[in-house]
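The values are calculated or read from the model by the stated rules, or taken from the named source; none is laboratory data. Predicted model only: the values in this text are computed from it and were never measured. Note: ideal-geometry Cβ built from the backbone for every residue, glycine included; neighbour counts use all protein chains shown. Accessible surface is based on the protein model in full, side chains and every heavy atom, while ligands, DNA and RNA are left aside. Shrake-Rupley method; radii C 1.70, N 1.55, O 1.52, S 1.80 Å.
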Amino acid sequence: MARIAQEEIDRVKSQADIVDVIGHYLQVTRKGRSFVAVCPFHDDHSPSLSISPDRQIYKCFVCGNGGNVFTFVQNYEKVTFPEAVGRVASLIGYQLSVQPDSVAKPKDPHREALYAVLSETIRYTAYQIESTDGTAAREYLQKRGLDDSVLKHFEIGWHPGGDVLYRFLHAKGYEDRDLVSANVVRTTSTGMHDVFADRITFPIHDGYGNPIGFSARSMDPSAPSKYINTNETDIFTKGDIVYNAHRARAAARKAGCVLVCEGVTDVIAFWRAGIEHVVCTLGTACTPHQIQILKSLAARIVFCYDGDEPGQAATVKAIQLARKAGAEVSVIINRTGKDPDEIIRDLGVEELQKLSRQEEHWMEFMLAYHSSRTNLQSYLEKKELVEKMQPMIASLQDETDISYFTGQLEKLTGFTLKTEVKKENTETVRPLKKLTVPDGTMQAEEMILAMMMTSPEAVRKFEEELGYLTGSTHQELAMMIVNQVRSRHQADPSALIDNAENQQVRNLITDLMSRSEEESTYDETVFAGALRKVKISVLEAEADAYRDQLRADLNEKSMALILEKYGDCLRELRRYIDEENRN
Ligand SMILES: [Zn+2]
């Protein structure tokens, strides 16, 4: 089997998002900071599988199955580790330099044929915009601030007229039916004709970076439509598309949010302003499926639609959809009266950057939106506003938010309102749990391992003072951590998962990774206490064993030897117990 270099494995792992990958196999739903799904590894009826986008691990709380993105694919598809790396790589559109044998996923030949047609069309149009035929288009874009770097990044091209694309693709041996299916060519009574002739082309990709269609702009002011998009095809379904998702993924994960605007030119404008975690929904109508894709990109969805009436109405709908899907939402209200492309052109890059930072609570937007459409002189209209806003405010999780927005609504209407605070919110300040050494030996060992995964100092102490653990899975993991820290100075839990030889160890690692930060942060006293606990239980077992031996018939010599060892053992035990009592 071809070997995949470690750097490549690391790159695939860092580019893949576990929520996305699992979402490819299972229906995943956001729940607080993590996602949940029905576990495929046991007979699950409620979602027991929890996925943490922060830690990039999954864990089933019923059957215990857990691991990282590769573990999931390995277990789900029942394939080897290199094969799992291959599957994940192909899911995220990462080209591995070696193909691990038998990775090749049974691909859908029809879809593959359409991707091939579109890839060829992108290459062709990108070549054309560089040529003399493309001069006018290039100048047209340059005047709008879209220089060569923008053209390259977004693969913008020029599609000449005269059915040249059809002739080119036909000559290259592409099947006519695939050209029509991909909607780059259409059949009419006069033969085959190019769909995007005489237009500037903006390629559209799916979330994995496969080309699926185009948005194409005419330079002719008299053209019946400035923009035309690919018609519905087998790979281009309008409500399923989030433009730029594949490019924005890494930046969105880093930023913790994804900016959603209306159109392709808005995305490009933000990108030119250095804001890369930006996508668009190709128009203002956002669908539940698009919300799912947005959710998979980042923890928070930030809508930044235009300030005009359709844009604002769309924002209301999008917020409702996103809230319903359990997503964290906020809004950037564009009050400039210009779209992002106009802002960057007329007001400059800084203005657009400034706008991108003006995030507001979605409830601020809702209050402003609905109150601006209410006659605040009319008692009946104010009452209607209160009735509309109160359930929305009550749906907020945060007590401060609830009382703040209730106050705002009171100010607006002059009404006196009751704050509806849910019971579960009354206990907001939980006292910090003080970390103590757990009672059981196994629990103490897990605490030792959790701290060893986060702290090289803990690993050093473990080696010096104990050097082993009693549970066999615990011991296996402890040795793996010790070896890893020797070579790279700090444990890397996700790499431990990859290197683990059995699923039990992987489950244990994910268990430990799922602990809260305070539970796994190294604390000298607590760690020493846990080591002592293990030591005491080992010595107690040893002492028991000696006592058993002494009961047997022994010759004098053996008896003396065992008695000596038993004595040593008891003395050591005494020392640890005294130490324990002092602490
Ligand atoms: Zn399970």
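For the range 182-288, divide the Cα radius of gyration by the Kirkwood radius and give the resulting Rg/Rh value with two decimals.
Radius of gyration relative to Kirkwood radius: 1.01.
For LEU347, LEU380, LEU91, what's the largest-to-smallest order of accessible area, 1.4 Å probe? All intermediate terms of the calculation are to be shown ahead of the outcome.
Working: LEU347 80, LEU380 125, LEU91 10 Å².
The most accessible residue leads, giving LEU380, LEU347, LEU91.
Over 23 Å between C-alpha atoms is what I'm after, so list which of LYS533/LYS565; LYS338/LYS411; LYS59/LYS535; LYS461/LYS533; LYS226/LYS295; LYS226/LYS324 land there. Can you show the working numbers first?
Details: LYS533/LYS565 21 Å; LYS338/LYS411 31 Å; LYS59/LYS535 30 Å; LYS461/LYS533 14 Å; LYS226/LYS295 31 Å; LYS226/LYS324 34 Å.
The answer is LYS338/LYS411; LYS59/LYS535; LYS226/LYS295; LYS226/LYS324.
If you count only protein heavy atoms and use a 1.4 Å probe, how large is the accessible surface of ARG575, to the nearest 10 Å²?
Here the residue's solvent-accessible area equals roughly 120 Å².
Keeping the other protein chains in place, figure out the carbon and sulfur percent of the accessible area of the range 256-297, with a 1.4 Å probe. Could you put the intermediate results ahead of the total?
Working: 590 of 1030 Å².
Summing carbon and sulfur atoms, their accessible area is 57 percent of the total for the range 256-297.
Just to verify a number: FRET efficiency for ARG111 and ASP492, C-beta to C-beta distance, R0 = 35 Å, to 0.05?
On the way: r = 36 Å, r/R0 = 1.04.
It comes out at approximately 0.45.
Between ARG323 and ALA223, 0.36 nm times their residue separation minus their Cα-Cα distance comes to what?
Details: separation 100, 0.36 × 100 = 36.00 nm, distance 3.95 nm.
Extra length from ARG323 to ALA223 when fully extended: 32.0 nm.
Over the alpha-carbon set of the range 476-583, divide Rg by the Kirkwood Rh and report the Rg/Rh ratio to two decimals.
Values: Rg = 19.4 Å, Rh = 17.1 Å.
Taking Rh as the inverse mean 1/r over Cα pairs, Rg/Rh reads 1.14.
Could you tell me which residue out of HIS289, ILE402, GLN490 lies farthest along the dipole of the chain toward its positive end? Charges go on the beta carbon: Lys and Arg +1, Asp and Glu -1, centred on the Cα centre.
Going by the Cα projections, it comes out as ILE402.
Contour minus end-to-end for SER516 and ILE577, with contour as 0.36 nm per residue of separation and end-to-end as the Cα-Cα distance?
Details: separation 61, 0.36 × 61 = 21.96 nm, distance 2.96 nm.
Taking 0.36 nm per residue and subtracting the Cα distance, the gain is 19.0 nm.
Looking at the chain only, what percent of DSSP beta bridges run antiparallel? Nearest 5 please.
Working: 33 of 44 bridges.
Approximately 75 percent, going by the DSSP bridge assignments.
Can you compute the charge dipole magnitude of the range 151-277 about its Cα centre, using +1 on each Lys and Arg Cβ and -1 on each Asp and Glu Cβ, nothing else charged? Give it in debye, rounded to the nearest 20.
Using only the charged Cβ atoms, the result is roughly 460 debye.
Round to the nearest 0.05 the FRET efficiency obtained for ASN375 and ASP398 when R0 = 35 Å and r is the Cβ-Cβ distance. Intermediate results must be reported in sequence, preceding the final value.
Values: r = 31 Å, r/R0 = 0.88.
Once the sixth-power term is evaluated, E becomes 0.70.
Can you give the accessible area of VAL62 in Å² (nearest 10), computed on protein heavy atoms with a 1.4 Å probe?
Its accessible surface works out to 100 Å², give or take rounding.
If we restrict to alpha carbons, what Rg and Dmax does the chain come to, in Å?
Calculated on Cα positions, Rg and Dmax stand at 31.0, 112 Å.
About the Cα centre of the range 6-113, what is the dipole size in debye to 20, counting +1 per Lys and Arg Cβ and -1 per Asp and Glu Cβ, all else neutral?
320 debye
For the pair LYS388/GLU457, report the inter-label distance in nm, with labels modelled 7 Å from Cα in the Cβ direction.
Here the answer is 5.7 nm between the modelled labels.
Please state the relative contact order of the chain as a whole percent: Cα pairs under 8 Å, 6+ residues apart? Display every interim value, and only then the final one.
On the way: 838 pairs, mean separation 51.7, N = 583.
RCO, the chain: 9 percent.
Let me know the charge dipole size of the chain about its Cα centre in debye, to the nearest 20, where only the beta-carbon of Lys, Arg (+1) and Asp, Glu (-1) is charged. Mind dumping the intermediate values first?
Numbers: 69 positive and 86 negative charges, 148 e Å.
I would put it at about 700 debye.
Enter the accessible area of MET559 (Å², nearest 10), with the probe set to 1.4 Å and all protein chains included.
60 Å²
Using 0.36 nm per residue, how much length does the chain from LYS254 to LYS172 gain when fully extended, once their Cα-Cα distance is taken away?
Values: separation 82, 0.36 × 82 = 29.52 nm, distance 4.17 nm.
Extra length available between LYS254 and LYS172 comes to 25.4 nm.
Using heavy-atom solvent-accessible surface (probe 1.4 Å) with all chains present, what is the largest-first order of VAL538, VAL19? Walk me through the intermediate numbers first.
Working: VAL538 30, VAL19 5 Å².
Ranked from most to least accessible, the order is VAL538, VAL19.
What order do LYS143, LYS172 take when sorted by accessible area (1.4 Å probe), most exposed first?
On the way: LYS143 165, LYS172 120 Å².
Final ranking, largest accessible area leading: LYS143, LYS172.
Using only DSSP helix segments of four residues or longer, with each worth -39500 (n - 2.57), what per-residue ellipticity at 222 nm results for the chain after dividing by its residue count and rounding to 500?
Values: 25 runs with 304 residues, N = 583.
One gets -16000 deg cm²/dmol as the mean residue ellipticity at 222 nm.
Among PHE270, VAL260, ALA313, pick out the residue whose Cα is farthest towards the positive end of the charge dipole of the chain, where Lys and Arg carry +1 and Asp and Glu carry -1 on C-beta, about the Cα centre.
Highest projection toward the positive end goes to ALA313.
Averaged per residue, what accessible surface does the chain expose to a 1.4 Å probe, in Å²?
Working: 28810 Å² over 583 residues.
Ligands and nucleic acids excluded, the result is 49 Å² per residue.
Identify, among ILE481, ASN499, PRO456, the residue whose Cα sits farthest towards the positive end of the charge dipole of the range 444-528, taking +1 on the Cβ of Lys and Arg and -1 on the Cβ of Asp and Glu, with the dipole about the Cα centre.
ASN499
Step by step: find N for the range 1-142, compute 2.2 N^0.38 Å, then divide the Cα radius of gyration by it. What's the final number? Please list the in-between numbers first.
On the way: Rg = 19.9 Å, N = 142, 2.2 N^0.38 = 14.5 Å.
Compared with the compact-globule rule of thumb, the range 1-142 sits at 1.37.
Pull up the DSSP beta bridges for the range 164-314 and report the antiparallel fraction as a percent, rounded to 5.
Working: 15 of 22 bridges.
Beta bridges within the range 164-314, antiparallel portion: roughly 70 percent.
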